[in-house]
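What follows is a single structure, written as structure tokens, with notes after it.
The values are calculated or read from the model by the stated rules, or taken from the named source; none is laboratory data. On a predicted model such as this, the values are computed, not experimentally measured, just so you know. Every residue, glycine among them, receives a Cβ derived from its backbone with ideal geometry; neighbour counts consider all protein chains shown.
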């Protein structure tokens, strides 16, 4: 008689374990490699606008095409990762993105710059598309929410590091040297990810090959009303968030503020509020429920947005801090909820969230520039407040209320 040994499914790393710490450290490196490169140009848009003789909304296309490339690529990356594995695919994506990032600094004209930024964004799509799926497969369900918050906090630090590094380097040289410096930093972070990420144990490769099988994995999340509501949060809230950071620099470099690039880069220190809030919301959500905390986070965003209407620079910065804290709180809840809500097609559910997130960054981030150029900052604030109100209405109508369900008892 042949005995067949059935292995129990991997229960996931618990908080405090070596595997848990290594996964969070690896994903922090991935966050730096991704978001430092993706948004490094955001604080340099006024410099780039002058150097290449383009308008504010045209300059913002360097952000929009990168996020559009990322949005278009997240689903293809998720299907590749279902066969290759999360870590191998993320490693390939980071390597490609860093290569394109290094070429961006040498772009001879604005059109070539847009093509390279699109390719860089498409390569970067392999990171956020897979990070949440990887995290939910490798970490115990008991601690996955806290780990998701820690990952989002890491992405906020990644975005902050790229912007803070780019501003002073640009002041000393130009925007090209600034982007080159950020890309080299991203290469070091990519190496850190590959070194730290533990061998996957919760991953099972998908062996289907047909288009029909791929489509079948996409349909469950597209039929779920709660998931569709979360995708709407991603589109509307991220679109609002990136718009504020795209155009606030133009406002602050103009009279009466006349801030230099280094000082404008310092406004991104407001990201630290997001680093704190994205980790704090997990425990608050366990007590009051995810939907309640999501709606409260959106309310904080709108309050912060309203405060930026003030003329005094300290008030503008206070508003920016509140707005940023609210956004990252909402994003942490929505992205973590997406991963835990999807019973089937988890990588595809997470990828659809990211597609919506970066589509919002591209579409709203660019079109908001037309509002800003034509009607000014107050009109931009009013437009973004309406988008946030729509997101809140959809969340209230389509997402389940109540606290998080307690985890199932462990089986030994």
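When you scan region 1-88 for helices (runs of 4 or more DSSP H) that lie fully inside it, which ones turn up with 3 or more residues that are within 17 Å of residue 100 (Cα to Cα) and within 24 Å of the chain's Cα centre (by Cα)?
On the way: elements: 18-38, 45-52, 56-59, 61-84.
So the answer is 18-38, 61-84.
Which residue pairs have Cβ atoms under 7 Å apart, sit 6 or more places apart or on different chains, and have a first residue in region 168-184 that is within 13 Å of residue 107 (Cα to Cα) and a second that is surrounded by fewer than 17 Cβ atoms within 10 Å (Cβ to Cβ)?
Qualifying pairs under 7 Å: 175/51.
Filter region 104-113 down to the residues that are surrounded by fewer than 18 Cβ atoms within 10 Å (Cβ to Cβ) and part of a helix (DSSP H, G or I) and list them by number.
Of the residues in region 104-113, the ones surrounded by fewer than 18 Cβ atoms within 10 Å (Cβ to Cβ) are 106, 108-112.
Answer for region 104-113, where residues must be surrounded by fewer than 18 Cβ atoms within 10 Å (Cβ to Cβ) and part of a helix (DSSP H, G or I): 110, 111, 112.
Quick one: would you say residue 266 is part of a helix (DSSP H, G or I), within 23 Å of residue 354 (Cβ to Cβ), under 21 Å from the mean Cα position of the chain (by Cα) and touching a residue at least 24 places away in the same chain (Cβ under 8 Å)? Outline the logic, then answer.
Values: part of a helix (DSSP H, G or I): yes; within 23 Å of residue 354 (Cβ to Cβ): no; under 21 Å from the mean Cα position of the chain (by Cα): yes; touching a residue at least 24 places away in the same chain (Cβ under 8 Å): yes.
No, not satisfied.
Identify, from the list 120, 137, the residue that is part of a helix (DSSP H, G or I), under 29 Å from residue 281 (Cβ atoms) and either in contact (Cβ under 8 Å) with a residue 24 or more places away in the chain or within 14 Å of the chain's Cα centre (by Cα) (or both). I'd like the intermediate steps shown before the answer.
Working: 120 fails: under 29 Å from residue 281 (Cβ atoms).
So the residue among 120, 137 that is part of a helix (DSSP H, G or I), under 29 Å from residue 281 (Cβ atoms) and either in contact (Cβ under 8 Å) with a residue 24 or more places away in the chain or within 14 Å of the chain's Cα centre (by Cα) (or both) is 137.
Name the residues in region 233-262 that are within 19 Å of residue 172 (Cβ to Cβ) and in contact (Cβ under 8 Å) with a residue 12 or more places away in the chain, would you?
249, 253, 260, 261, 262
Which residues, counting only those in region 252-262, are surrounded by 17 or more Cβ atoms within 10 Å (Cβ to Cβ) and within 27 Å of the chain's Cα centre (by Cα)? Break it down into steps so the answer makes sense when it comes.
Let us first name the residues in region 252-262 that are surrounded by 17 or more Cβ atoms within 10 Å (Cβ to Cβ), namely 252-253, 259, 261.
Result: 252, 253, 261.
Restricting to region 284-312, name every residue that is free of Cβ contacts under 8 Å to residues at least 60 places away in the same chain and part of a helix (DSSP H, G or I). If you could, list the steps in order and put the result at the bottom.
First, the residues of region 284-312 that are free of Cβ contacts under 8 Å to residues at least 60 places away in the same chain: 284, 293, 296-297, 300, 303-304, 307, 310-312.
284, 293, 296, 297, 300, 303, 304, 307, listed by residue number.
How many of the residues in region 190-200 are surrounded by 22 or more Cβ atoms within 10 Å (Cβ to Cβ) and either under 8 Å from residue 29 (Cβ atoms) or at pLDDT 85 or above (or both)?
Of region 190-200, the ones surrounded by 22 or more Cβ atoms within 10 Å (Cβ to Cβ) are 190, 193, 197.
Okay, now just the ones that are also either under 8 Å from residue 29 (Cβ atoms) or at pLDDT 85 or above (or both), so 190, 193.
Within region 190-200, residues that are surrounded by 22 or more Cβ atoms within 10 Å (Cβ to Cβ) and either under 8 Å from residue 29 (Cβ atoms) or at pLDDT 85 or above (or both) number 2.
Pick from region 201-218 the residues that are in a helix (DSSP H, G or I) and touching a helix residue (DSSP H, G or I) at 6+ places or on another chain (Cβ under 9 Å): which of them is modelled with the highest pLDDT?
Initial filter on region 201-218 (in a helix (DSSP H, G or I)): 211-218.
Filter again for touching a helix residue (DSSP H, G or I) at 6+ places or on another chain (Cβ under 9 Å), leaving 214, 217-218.
On the way: 214: 67, 217: 72, 218: 75.
Step by step, filter region 201-218, then rank; the result is 218.
State whether the residues of region 225-238 include one that is modelled with pLDDT of 85 or more, crowded, with 22+ Cβ neighbours inside 10 Å and under 21 Å from residue 52 (Cβ atoms).
no
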